[in-house]
1. Answer yes or no: is there a residue in the stretch 723-732 that is aromatic (F, W, Y), over 24 Å from the mean Cα position of the chain (by Cα) and surrounded by 13 or more Cβ atoms within 10 Å (Cβ to Cβ).
2. For the subset of the stretch 122-159 comprising residues that are over 18 Å from V183 (Cα atoms) and of a type in the set (A, V, I, L, M), which member is nearest to the chain's Cα centre (by Cα)?
3. Among the residues of the stretch 272-296, what is the count of those that are over 19 Å from A355 (Cα atoms), hydrophobic (A, V, I, L, M, F, W, C) and either in contact (Cβ under 8 Å) with a residue 40 or more places away in the chain or assigned by TED's automatic domain parsing to the domain that holds I347 (or both)?
4. Among (1) closer than 30 Å to C506 by Cα; (2) part of a helix (DSSP H, G or I), where does E301 come up short?
5. Out of I15, I90, I104, which single residue is in a helix (DSSP H, G or I), at pLDDT below 90 and not basic (K, R)?
6. What number of residues in the stretch 360-411 are over 17 Å from N341 (Cα atoms) and in a loop (DSSP other than H, G, I, E, B)?
7. On the given criteria, is F471 of a type outside the set (G, A, S), on the phi < 0 side of the Ramachandran plot and modelled with pLDDT under 95?
Amino acid sequence: MCLELAYVLLIYFCIAKIKFQKNFSIDLVVRGNFDMYEVNLERAMNYWMDLLDDYTNIAKIPNDFFYKDCSDEVVDEVFKMNIEKHERLIRYSKNNNISISSIIETIYGLILQKYIYEDDVVFGKTINIIPIRVKVRQSEKFIDVVRKLKRQWSRSLEYGYYLLSDIENKNHLNTKLINTIFVAKSFDLSYDYDIEKKGYDLSVIVYTKRALKIKIKYKPSIYKRETIRRILNQFDYIIEQIIKDNDILIEDLEFVCKKEEKVLLEDFNNNQYKVPYDKNYIDLFREQAKITPDNIAVRDENRNLTYRELDELTDKLAGYLNHIGVKSEDIVAVMLPRDINIIITAIGIMKSGGAFFPIDTSNPEERLNYLLEDSNAKVVITTDELRCKVVNENTIVLDINNENIFKIGYELTAEITPSNCAYTISTSGSTGRPKTIAIEHKSLVNMCYYSVKVINATEDDICGIYLSFSFDAVMKQLFPYLLIGASINIMPEEAKFDEYTVNEYCEENDITILALPTAFAKLFIQNCNNSSLRVVQTGGERLKGYRKRNYELYNEYGPTEFTVVSTSFHVDKEYGKIPIGKPIFNTYAYVLDKKNKLCPIGVPGELCLSGIQISRGYLNKKGLTEQVFVENPYKTCEYNKLMYRTGDLVRWLDDGNLDYIGRMDNQVKIDEFRIELYEIENIINNIAEIKSVVCISRTNDDGDMYICAYYVIDDKDSDKVNERAVREYLNEHLPPYMIPTIIMRIDKIPVTPIGKVNKKALPE
């Protein structure tokens with residue numbers, strides 16, 4: 001009888017003897033290969049709690065499919081190592097005095113770490129499912145990790161009689177601890193343990209006797225065969241590296257072979273498209289105005305303008321701005337109601353050489369003036385009713401309704417190059433202050449060319465603008481269609497009341513293209529089969545649900561720092577999980593691990609973006625810019641020298657689409673608004689009586705995201721601060737979209753054993 005099987009028999013014997021008995025010790029003598037074992041439940045419990053202390057991860061290979069009712073069918077895929085490599089592995093094993101199964105077990109732990117983007121994982125070993133924790137430092141040698149796990153296993157066997165269910169119940173995760181299992185056998189794979197009956201989606205079985213075989217048993221309702229084959233290939237690739245270099249470090253192990261590297265870098269980024277980078281946006285707009293002078297360029301509920309009229313009006317505004325001192329690269333802020341004047345100012349500012357900077361009129365006065373000061377805006381274009389909000393004495397304030405601005409045609413003096421700043425836009429900041437991002441003309445032009453090309457837009461299209469003008473997503477509706485002779489229609493606020501009023505407005509005004517924030521888009525798609533629309537675009541949050549409609553649906557993704565849109569996916573059927581798509585024209589997407597190495601297909605990593613659409617970074621925030629706008633280790637041309645670290649966790653799918661997993665930090669996106677939760681926390685912390693605060697995002701039953709704020713105060717201050725007072729304070733300092741839906745007082749902020757906020761323990 002082999003040693004492994006003897007251990008198993010011992011464990012089963014112990015369990016049978018003490019399963020229903022607690023808090024006592026017995027002496028068990030096993031003759032043969034074993035000495036005396038003292039079985040003590042309390043000591044065993046302490047061992048497992050120590051081993052699993054501060055473990056917070058759920059180690060599971062990410063699903064390929066997300067069916068509600070998964071089949072219990074289990075299939076397998078087998079890898080068999082060639083004889084020559086197996087002989088080299090045997091020599092490596094003997095030279096280091098470790099078993100081949102220990103080597104494979106360690107490799108599996110490292111692969112599992114890759115798939116959950118963590119350096120700390122737990123899986124089950126043997127048919128009795130004893131937890132194995134693989135926690136490594138990147139600077140460790142692979143061989144040292146193998147030895148460390150061997151020592152852990154020897155110790156764990158002493159306490160293998162302790163029930164897994166008890167371990168899971170006492171672990172602070174209070175959930176299923178083991179998601180995959182590893183079994184090493186010295187006899188043939190033709191005989192399998194009945195692993196699937198234990199309820200695991202994936203198991204790895206290794207046979208080491210005469211030839212190395214690795215079998216993965218899995219549920220085809222959860223995983224693709226291609227995914228399993230890639231994992232098996234990773235075993236082979238890592239084995240090749242360790243037997244070649246006995247002292248190889250964990251951080252030096254490669255998980256992507258040269259063949260896959262080509263796919264990731266070239267095939268998945270094969271999206272080059274000829275765009276006139278030698279021209280700025282204004283050059284292209286003027287050309288289109290000459291081609292379609294009598295086409296309606298823009299309209300609101302009160303007026304409309306042809307391309308000729310828009311061209312003439314914006315020339316006059318630009319000349320006036322130059323006349324009062326606006327030069328190339330000067331920032332001109334716009335704070336206007338929702339009407340046609342926003343379009344006029346946007347084009348006019350860019351013609352003057354300045355940068356268009358829209359500011360939400362609902363901003364509190366403090367935040368508004370911070371934006372003006374931080375951006376060093378030279379001019380603010382607003383209305384007489386709103387100018388009282390501007391207190392910055394160094395800023396020139398213009399009333400858009402002043403007829404003198406458009407009366408005289410002053411000379412245009414600014415030279416505009418493709419590298420000039422076209423517009424700036426603010427986004428939420430982690431320090432309690434917003435950040436302002438600068439986008440160049442060439443970046444804007446590339447985004448415009450893609451936007452019209454991907455949906456085959458023509459001059460017959462009418463784009464309805466639903467989104468707020470102060471957020472970056474609107475730029476994708478505001479600028480592209482003015483380069484092809486199409487029309488822009490600005491929806492009035494009353495038309496935006498709900499999905500039905502939007503649907504009615506679109507049909508009455510022959511709207512053909514519409515962009516909606518995700519939460520609203522889901523309602524619209526569910527309830528409205530519009531007769532005029534041919535394209536609906538959405539983005540900002542994870543999209544769920546699909547219904548066949550008269551219009552095409554596109555799910556898009558893009559950070560403000562990368563000119564609005566960077567990936568796009570045509571949703572043409574029901575998907576278990578809708579991807580965010582492939583990189584757009586002249587855009588390079590990389591999924592990187594913590595060491596800036598390429599992640600294999602299917603493995604989560606940080607999405608990094610490079611290419612013509614990358615922004616200049618954050619105005620007046622050099623340090624922050626240098627943190628996230630970094631040198632691209634995979635650069636191939638002048639336009640992808642730098643890359644932007646998005647902070648978003650994604651993975652490549654095998655068809656070249658990207659699957660969005662979530663934020664790596666505390667930033668969320670609700671509707672079209674990207675929100676830094678730390679900003680809300682910092683504002684609430686300004687209330688003197690509040691001791692601590694934490695903000696989280698939650699998702700309701702409909703899949704819509706909302707913000708919850710939890711604060712702690714002393715009982716003596718309870719009459720000074722309540723939920724209403726906090727909300728009123730936030731209304732004074734934050735725009736409406738950043739105000740939490742739920743504001744709740746709690747006794748203390750719950751934390752995990754390692755001091756992290758335990759979000760699961762916060763009340764709903």
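1. yes
2. The residue in question is V136.
3. 3
4. With respect to (1) closer than 30 Å to C506 by Cα; (2) part of a helix (DSSP H, G or I), E301 is out only on (2).
5. The conditions single out I15.
6. Count: 16.
7. Yes; evaluated as a whole, the condition is true for this residue.
Matching residues to (1) among the polar types (S, T, N, Q); (2) modelled with pLDDT of 95 or more:
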site	(1), (2)
T383	yes, no
N404	yes, no
K407	no, no
Y449	no, yes
K453	no, yes
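The values are calculated or read from the model by the stated rules, or taken from the named source; none is laboratory data. Just so it is clear, the structure is predicted and the values come from calculations on it, not from any experiment. Because the Cβ atoms are built from the backbone with ideal geometry, glycine has one as well, and the counts that use them run over all protein chains shown.
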